[in-house]
Structures are given as structure tokens and as C-alpha cells.
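Shown next, in C-alpha cells, is the structure this report addresses.
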Amino acid sequence: MRDRIIKLLSEIDNLKANNPEEYEALRIKYLSKKGVISSLMSEFRDVPSEQKKEIGQKLNHLKTAFQERISELKKELESSSVQTTDFDLSRTSYPIPLGTRHPISLVKEEICDIFNRLGFSIADGPEIEDDWHVFSSLNFAEDHPARDMQDTFFIQSNPEIVLRTHTSSVQTRVMETTQPPIRITCPGRVFRNEDISARAHCLFHQVEGLYIDKDVSFVDLKQALLYFTKEFFGSETQIRLRPSYFPFTEPSAEMDISCQICGGDGCNICKHTGWVEIMGCGMVDPAVLDNCGIDSKIYSGYAFGMGVERIAMLKYQINDIRLFFENDVNFLHQFQSAF
Ligand code: DAH
């Protein structure tokens, strides 16, 4: 046994493992339960007792030497595998590519910021609304044909609940709980049961505006909208108000801006009129004020509402509304970075 131990000790330095398989084979050969060292340990029982001390010490030495050598091999293997994959663990990491703000968010915030400079603060309301806030409070009488103006998504089990078709519903919510002066913009998502095309979508965004106080007149409305237009589209831009109809405003108007593309000379975008429609507006109908608990004999106000996608399409000259909803990063990365 003594000779076998000496022979094994001489082999130790020559042990090599070039890969995990070879390492595992060595470990099993020498250190496993049925390995070389274990079988020597079992044979140790038969060593004559006068040699037991000397052989026992040698055997222990052999065992420790193998354990150390084999764990050394493991470390060598681990460090060489790190080198072959070419990692430099001390190197600083690559920056995570930053995203960009969605153009709809940019435009929505710019609209609200401009009105904020006129003292308007932001108000919010639910996207799933009741009939009262979306229609009835705003003068859309039961069975009134005006309800047909907007194709509505109703909740099947309860037709009193709808996906809001406009953010004018937030006006009602604010007027019900706040006495004038009220000066708010209401940005948010709206839903209409419309076929999706380059010009229309079943989901889009609006910013509604509402100003209620004593002695508010149409002149104030026109001035606020002119200020907004010049701030947003540039100081050269002209506005034009055309009479229109909305159940919740009287009188009502639609506002056009001079075409951004041709400067008013006439092109495809403005259908050769020189003007592009961007929002509806008007003086809040006194019946709406009374519906919401505001005394129409004391107060008056104006309201307006615009589609954010439409404004963004004009600003960035985008010809298909569907691009806003596709989340194609090549499209989205063209807009101003967030950070
Ligand atoms: N709610 C209207 C729509 O979705 C837009 C609108 C028009 C809002 C006139 C107003 C307004 O506040 O006065 O088409």
C-alpha cells in the first residue's frame, strides 16, 4: 500500500482537465465514493497494526493532496472559461437605449401648457362614463338626433354606461363639484365606434377646455383661441370661426387655422381652401350650467374641444392616424427625446 500511495502522490502534479467533462471524470476517479482514495481507505482496515500509524498518516496526506489538486483544477477551468468568452467584468456597462416621448403625449402636454399660461389647470375624469355625464347633462336629450353625431360604444349589460365619446364629460364632473371661477383643460382618451382608416380611429385623444366666470363673452373665447393658435402653430397663423352646432354650446362655432402647408394658398391638405378645421367651440349653453348646479343668470362661460391626433398630424405632417397606435419604434424615434 505504501508504494501505491507514493505512486499516486507522484501523479498528482500531472493531473489536467481541459474541460468540465475531463474535470468531472478526474473527480469521480479519485474522490467519489467508489474512487481510488475511498478504496484505499477501505483497504486500510487490513493494514497490519504496527504499520497503521505510518500508513494512516500517508493516506490522509494523499487524500488532502488530491482534494486540493482537484479543487485547483476546478478554479483553473472556471477562470479560463471566463477568458474564452471575452468578458471584461471591470468594464462599465453599455447604456440602456432611452425611449422617446410619444408624439401624442408631446402634443397633448404642449396644448395644456399653453392654456396653463392663461390660468387653465388640468382636470381628469373616467373613460368609462355614465350617460348623464357624456350626453344628458350636455343637452343631448333622450332620443335627440344629436346623439347620432357620435357613434358610441355602449356596455351591453347596462346601456346607461358608455365609453366616453368626448372629454366634454369632464366639464360636467367639474361643474357639479366646483363653483366658478372655473378654468380647466381636460385631456384624455375618447372612444367612437368608427371604422379604422387613415383619417379615423375608434380610439383617439381630445383636449377639452372650459372657462366659467361672471361676464365671460365670445370675445374672450376668440382671444384665448387666437393666443393658443399663435403659440402652438406660430405667430403667422390666422384663425377663422364658422357658425356650427353642438347641443352644449350656444352659439357654437368651428375654428379653422390657415393651412400650415401652403400658407393659405391652397393645397391637398386644406382641400384647396387655405383653411384647416381644428376644433369645435362655443358659449356654454345656459341649460348646461343649470344642469350642473351653476346659476346661469350669474355666470357665463365658453368651451372648446380639439382632437390631439388631428393637431399632431398637422404639426408633424403625418398623413395616417394609424401610425400613432402601431408602436413602431422607427416612427416613434423621430420625435423629441424624453430626457
Ligand atoms: N365634444 C365635441 C366633440 O367631441 C368637441 C367640442 C365642440 C367641445 C364644441 C366643446 C365645444 O367644448 O364647445 O366633437
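Miscellaneous remarks
- Positions within the stretch 220-235 being open to solvent by 30 Å² or more (accessible area, probe 1.4 Å) and touching a strand residue (DSSP E or B) at 6+ places or on another chain (Cβ under 7 Å), in sequence order: Asp220, Lys222, Leu226
- When each of Gln317, Gln238, Gln336 is tested for being within 21 Å of Ile122 (Cβ to Cβ), polar (S, T, N, Q) and surrounded by fewer than 18 Cβ atoms within 10 Å (Cβ to Cβ), the lone residue that passes is Gln336.
- Inspection of the stretch 137-155 finds a residue satisfying the criterion of being modelled with pLDDT of 95 or more and more than 11 Å from the ligand (Cβ to nearest atom).
- Once the stretch 24-68 is narrowed to residues that are surrounded by 16 or more Cβ atoms within 10 Å (Cβ to Cβ) and part of a loop (DSSP other than H, G, I, E, B), the residue that is farthest from the chain's Cα centre (by Cα) is Val47.
- Residues being within 11 Å of the ligand (Cβ to nearest atom) and part of a strand (DSSP E or B) - total across the stretch 240-276: 10
- Unique residue being hydrophobic (A, V, I, L, M, F, W, C), in a helix (DSSP H, G or I), free of Cβ contacts under 8 Å to residues at least 40 places away in the same chain and over 18 Å from Glu208 (Cα atoms) when the list is Leu314, Leu323, Leu226: Leu323
- If you filter the stretch 290-300 down to residues that are out of contact with any helix residue (DSSP H, G or I) (no Cβ under 7 Å at 6 or more places or on another chain) and open to solvent by less than 70 Å² (accessible area, probe 1.4 Å), you find that the one that is nearest to Arg101 (Cα to Cα) is Ser300.
- Selection status of Phe140, part of a loop (DSSP other than H, G, I, E, B), aromatic (Phe, Trp, Tyr) and open to solvent by 40 Å² or more (accessible area, probe 1.4 Å): no
- Residue check for Phe87: more than 30 Å from Phe331 (Cα to Cα) and in contact (Cβ under 8 Å) with a residue 12 or more places away in the chain: no
- Flag if Phe191 is in contact with a Cys (Cβ under 8 Å, 6 or more places away or on another chain), assigned by TED's automatic domain parsing to the domain that holds Glu176, in contact (Cβ under 8 Å) with a residue 60 or more places away in the chain and within 13 Å of the ligand (Cβ to nearest atom): yes
- Residue within the stretch 169-181 that is under 23 Å from Lys297 (Cβ atoms), within 13 Å of the ligand (Cβ to nearest atom) and touching a His at 6+ places or on another chain (Cβ under 8 Å) present: yes
- Just one residue in the set Ile122, Ile96, Ile128 is open to solvent by 90 Å² or more (accessible area, probe 1.4 Å), of a type in the set (A, V, I, L, M) and modelled with pLDDT under 95; that residue is Ile96.
- Residues satisfying the stated conditions in the stretch 209-219, i.e. part of a loop (DSSP other than H, G, I, E, B) and either open to solvent by less than 20 Å² (accessible area, probe 1.4 Å) or within 18 Å of Glu110 (Cβ to Cβ) (or both): Val216
- Of the criteria (1) within 11 Å of the ligand (Cβ to nearest atom); (2) modelled with pLDDT of 95 or more, which one Thr165 fails: (2)
The values are calculated or read from the model by the stated rules, or taken from the named source; none is laboratory data. In this text the structure is predicted, and so the values were computed from the model without any measurement. Neighbour counts run over all protein chains shown; Cβ positions are idealised from the backbone, glycine included. What goes into the accessible areas is simple: the full protein's heavy atoms, side chains included, and nothing from ligands, DNA or RNA. Shrake-Rupley method; radii C 1.70, N 1.55, O 1.52, S 1.80 Å.
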